[in-house]
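Engineer: I'd like to ask some things about the structure below.
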Amino acid sequence: MYKLKDTIELDEEYFSIDSRREEGEELKCEVGSQRKAKVLVMMESEKVDNPKSGQKGRRCGHVKMKVIPCLKSDTLKQAVEGSVNKSAMVVMDNFSSHCGVEEVTSKSERQTIPGKGAPKLFPWVHIAISNAKALMRDMYHGVRLEFLQWYLDEFCYKFNRMHFGDGLFDKLVVASITYNPTFKHRLYESEDNCG
């Protein structure tokens, strides 16, 4: 499995999902809502020397998005450990749960972000978040929690390969041919043969 390297922008975001509540269960508001899923977003980011007018000061690399059950330190630590190279430099905000992330990377930098300044300090991770949210809103109406990770994987696959051009289709064909499914269809194990 590919791990992110070099400098990584890291942030968390809440994605709207279609929630199924138990009868009589009260709908919570804001962060604890049943209609919000927590997603950890990690993006390779490289500083651009002498950016042109209107160009961003950082260039993006690969992105990974992981649906996480909570924002506890151990949860973030496990998600980052499986997705980020040990030698990477992780840049993140001053959220208290990020102390676990510092344990699994050799270098990290935590910044205090004033107000809504996160998109300025972490430009690419927030561009990826807004693009993924726009895709969910426009294409997949009512995404359920159990399928959210698959939709995020699809988004990351496309984002990470946006510079492949015409070679993308060929790579997709090779990936689909070599893919070994992890599920068994009910017909695979049936005794009846049609031929």
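Engineer: Being farther than 24 Å from Arg35 by Cα, charged (D, E, K, R), surrounded by fewer than 18 Cβ atoms within 10 Å (Cβ to Cβ) and more than 14 Å from the chain's Cα centre (by Cα), is that true of even one residue in the stretch 121-143?
Structural biologist: Within the stretch 121-143, none of the residues are farther than 24 Å from Arg35 by Cα, charged (D, E, K, R), surrounded by fewer than 18 Cβ atoms within 10 Å (Cβ to Cβ) and more than 14 Å from the chain's Cα centre (by Cα).
Engineer: Exactly one condition in (1) out of contact with any strand residue (DSSP E or B) (no Cβ under 9 Å at 6 or more places or on another chain); (2) more than 16 Å from Lys5 (Cβ to Cβ); (3) surrounded by 12 or more Cβ atoms within 10 Å (Cβ to Cβ) is not met by Gln149; state its number.
Structural biologist: Among (1) out of contact with any strand residue (DSSP E or B) (no Cβ under 9 Å at 6 or more places or on another chain); (2) more than 16 Å from Lys5 (Cβ to Cβ); (3) surrounded by 12 or more Cβ atoms within 10 Å (Cβ to Cβ), Gln149 violates only (1).
A quick yes/no check of all residues on (1) surrounded by 15 or more Cβ atoms within 10 Å (Cβ to Cβ); (2) modelled with pLDDT of 80 or more:
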{"residue": "Gly54", "(1), (2)": "no, no"}
{"residue": "His62", "(1), (2)": "yes, yes"}
{"residue": "Pro69", "(1), (2)": "no, yes"}
{"residue": "Ser73", "(1), (2)": "yes, yes"}
{"residue": "Glu81", "(1), (2)": "yes, yes"}
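Engineer: For the stretch 96-116, name all the residues that are within 19 Å of Ala37 (Cβ to Cβ) and modelled with pLDDT of 80 or more. Break it down stepwise before answering.
Structural biologist: Start the filter on the stretch 96-116 by keeping residues that are within 19 Å of Ala37 (Cβ to Cβ), which leaves 97.
Across the stretch 96-116, there are no qualifying residues.
Engineer: Just to be sure I understand, how many residues within the stretch 83-92 are of a type outside the set (Gly, Ala, Ser) and crowded, with 17+ Cβ neighbours inside 10 Å?
Structural biologist: Number of matching residues: 4.
Engineer: I'd like the residue in the stretch 139-195 that is at pLDDT below 75 and of a type in the set (Asp, Glu) and, out of all such residues, is nearest to Cys70 (Cα to Cα).
Structural biologist: Step by step, filter the stretch 139-195, then rank; the result is Glu189.
Engineer: Can you name every residue in the stretch 105-120 that is surrounded by 11 or more Cβ atoms within 10 Å (Cβ to Cβ), of a type outside the set (Lys, Arg) and either outside any strand (DSSP E or B) or in contact with a Cys (Cβ under 6 Å, 6 or more places away or on another chain) (or both)? Walk me through it before giving the result.
Structural biologist: Step one: of the stretch 105-120, the residues surrounded by 11 or more Cβ atoms within 10 Å (Cβ to Cβ) are 105-108, 110-111, 113, 117-120.
Keeping just the survivors that are of a type outside the set (Lys, Arg) gives 105-106, 108, 111, 113, 117-119.
Answer for the stretch 105-120, where residues must be surrounded by 11 or more Cβ atoms within 10 Å (Cβ to Cβ), of a type outside the set (Lys, Arg) and either outside any strand (DSSP E or B) or in contact with a Cys (Cβ under 6 Å, 6 or more places away or on another chain) (or both): Thr105, Ser106, Ile113, Gly117, Ala118, Pro119.
Engineer: So the check is Cβ under 9 Å with 6+ separation or different chains; which pairs have a first residue in the stretch 121-148 that's over 29 Å from Asn94 (Cα atoms) and assigned to a helix (DSSP H, G or I) and a second one that's among the aromatic types (Phe, Trp, Tyr) and at pLDDT below 80?
Structural biologist: Phe147/Tyr140
Engineer: Anything in the stretch 159-170 that is out of contact with any His (no Cβ under 6 Å at 6 or more places or on another chain), surrounded by 12 or more Cβ atoms within 10 Å (Cβ to Cβ) and assigned to a helix (DSSP H, G or I)? List them, or say none. Before the answer, list the steps.
Structural biologist: Narrowing the stretch 159-170 to residues out of contact with any His (no Cβ under 6 Å at 6 or more places or on another chain): 159, 161-170.
Checking which are surrounded by 12 or more Cβ atoms within 10 Å (Cβ to Cβ) leaves us with 159, 161, 164, 168.
Scanning the stretch 159-170 gives Phe159, Leu168.
The values are calculated or read from the model by the stated rules, or taken from the named source; none is laboratory data. Quantities reported herein were computed from a predicted structural model and do not represent experimental measurements. Reconstructed Cβ throughout: ideal geometry from the backbone, glycine too, with neighbour counts over all protein chains shown.
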